Structures are given as C-alpha cells and as structure tokens.
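Note sheet for the following structure.
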Amino acid sequence: MGEGATLEGITAHDPDAAKLSTAKAFKLVLTGGYLNRVVFISIFWTCTIVTLFSIYAFGPQILALFNLQSGDEANIGYGLINLFFLVGNIVALLVVDKLGRRPVLIWGFTLSGVGLVFLAVFPNAPLALIALAFAFYAIFNGGPSILEWIYPNELFPTKVRATAVGLCTGTSRIGAAIGTFATPLALTHLGLSGTMWIAAAIALLGAAVSFFMAPETKGQNLEQAAALHP
C-alpha cells in the first residue's frame with residue numbers, strides 16, 4: 001500500500017484514533033471531505049462485485065445459454081472462468097505498484113466491459129470467441145477486484161478507517177445482493193443479450209466513476225494517501 005507503509009506510519013501520526021467514538025467517526029466520514037471517497041469506493045466496489053457475484057452464482061446457467069451444454073461441459077467452462085479470475089488477480093497484484101492504482105482500475109473496468117459488450121452483441125458467436133470474451137472479462141476484472149482491498153485502506157486515516165471501510169463494504173454488499181437476485185430475472189425477461197448489456201453498462205459505469213473520482217496513491221505511505229490535501 002505504497003512505499004514506506006510501516007506499522008509506525010500507520011498508527012503514530014494519530015495517537016488519539018482509538019478515542020474517537022463510533023458516532024463521531026460516522027459524522028466525520030459523512031460530513032467531512034471523506035464523503036467523496038466513501039461515494040467513490042462504494043460505487044466502484046459495487047460495480048466490481050455485481051457482475052462478479054452474478055457470474056459466480058449463475059455461471060453454469062449463463063454458459064449453457066451461450067450454447068454450451070448444461071452439465072459437465074458448462075461446469076468445466078465455469079471452472080475455467082474461475083481460473084481466469086485467479087490469473088487476473090495475480091497479474092493485477094504484480095503491476096498495481098508499478099502502473100499505479102488509477103490505470104489498473106480504469107483500464108480494468110474498461111477492458112472487462114469490452115468483453116461483456118462482445119457477449120451482448122454476439123451471444124451466438126463460435127465457442128472459441130465466447131470463451132475468449134469470458135476470459136477477457138475475467139482477467140481484466142482482476143484490477144478492480146484487488147483494489148477493493150487496497151484503496152479503502154489507503155484513502156482513510158486511522159481514526160475513521162474501520163468506520164469508512166465498513167460503510168463502503170455494507171453498501172457494496174447491498175448492490176451485490178440485488179445483482180445476484182436480479183440476474184435470473186434479467187435472464188428470464190431480457191434474455192442473455194439484454195443481461196450482458198446491463199453487466200457491460202455496470203462495468204463501464206465503474207470506469208467512468210473511477211476516471212473522475214479515483215485518486216492516485218502510488219508510492220505514498222498511508223498518512224499521505226489518506227490526506228485530503230496532500
């Protein structure tokens with residue numbers, strides 16, 4: 001989380017952090033300059049996991065609709081998607097400190113959205129292209145996925161970090177629950193292409209929000225990254 005992020009750097013700059021009550025912490029987060037960061041993290045986190053949770057929950061069913069037979073073939077395809085997710089997370093972890101948070105997040109959303117747009121436009125494409133599009137989505141989704149665990153802890157000072165991260169986590173889980181329950185309804189009423197269009201729009205919304213709101217914390221320690229006016 002940036003160069004120079006030591007235990008002393010995390011705690012020593014704010015010795016009164018433990019004395020702040022929960023009510024005061026919420027007030028500081030929701031009325032101070034950190035509200036913009038709460039909004040940013042909540043939106044980008046939600047955009048990441050709505051599509052992720054939906055594909056995790058209904059992967060075999062979605063693959064079957066792409067002309068993959070249900071049963072073993074669809075389950076193998078689902079397993080490969082999970083493997084691509086893992087590859088994407090590993091690659092993102094290796095490059096995030098070199099490229100910076102903003103490029104990894106913005107391009108991750110944009111390119112994963114491109115994969116979903118292809119699936120929306122060409123739901124009856126040959127199997128190889130369908131697999132490639134899913135791999136494209138899964139690999140590039142790794143950037144936003146790993147930044148869920150980096151950005152929230154960098155952007156808030158010690159005294160409100162737990163409160164702010166908890167608030168962002170709760171908000172994102174509401175979105176994930178809605179996405180998970182809405183996916184089978186969308187597949188039933190909008191069809192496969194319509195569902196993929198919604199997923200693509202969510203990913204591209206994440207890219208747009210990240211472009212306008214994501215701060216760059218590359219090379220900063222936690223105190224610098226959490227400062228509103230560095």
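The values are calculated or read from the model by the stated rules, or taken from the named source; none is laboratory data. In this text, all values refer to a predicted model and were calculated from it rather than measured experimentally. Cβ placement follows ideal geometry from the backbone for every residue including glycine, while neighbour counts extend to all protein chains displayed. All accessible areas refer to the heavy atoms of the entire protein, side chains included, with ligands and DNA or RNA removed. Shrake-Rupley method; radii C 1.70, N 1.55, O 1.52, S 1.80 Å.
Data table
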{"read-out": "Considering residues of the range 73-97 that are β-branched (V, I, T) and either open to solvent by 80 Å² or more (accessible area, probe 1.4 Å) or modelled with pLDDT under 90 (or both) only, the residue nearest to G115 (Cα to Cα)", "value": "I81"}
{"read-out": "Qualifying residue in the range 144-151 (condition: over 15 Å from the mean Cα position of the chain (by Cα), touching a residue at least 24 places away in the same chain (Cβ under 8 Å) and surrounded by fewer than 22 Cβ atoms within 10 Å (Cβ to Cβ))", "value": "no"}
{"read-out": "Residues within the range 122-137 that are aliphatic (A, V, I, L, M), buried (at least 18 other Cβ atoms within 10 Å of the Cβ) and without any contact (Cβ under 8 Å) to a residue 60 or more places away in the chain, tallied", "value": "3"}
{"read-out": "Test: residue in the range 167-188 that is in contact with a Cys (Cβ under 6 Å, 6 or more places away or on another chain) and of a type in the set (V, I, T)", "value": "no"}
{"read-out": "So A226, is it open to solvent by less than 50 Å² (accessible area, probe 1.4 Å), touching a residue at least 60 places away in the same chain (Cβ under 8 Å), within 16 Å of T46 (Cβ to Cβ) and in contact with a Phe, Trp or Tyr (Cβ under 9 Å, 6 or more places away or on another chain)", "value": "no"}
{"read-out": "Residue in the range 98-119 that is surrounded by the fewest Cβ atoms within 10 Å (Cβ to Cβ), counting only those that are modelled with pLDDT of 90 or more and aliphatic (A, V, I, L, M)", "value": "L99"}
{"read-out": "Members of the range 177-197 that are under 24 Å from T110 (Cβ atoms), of a type in the set (A, V, I, L, M, F, W, C) and either more than 16 Å from the chain's Cα centre (by Cα) or surrounded by 21 or more Cβ atoms within 10 Å (Cβ to Cβ) (or both)", "value": "A182, A186, L190, L192, M196, W197"}
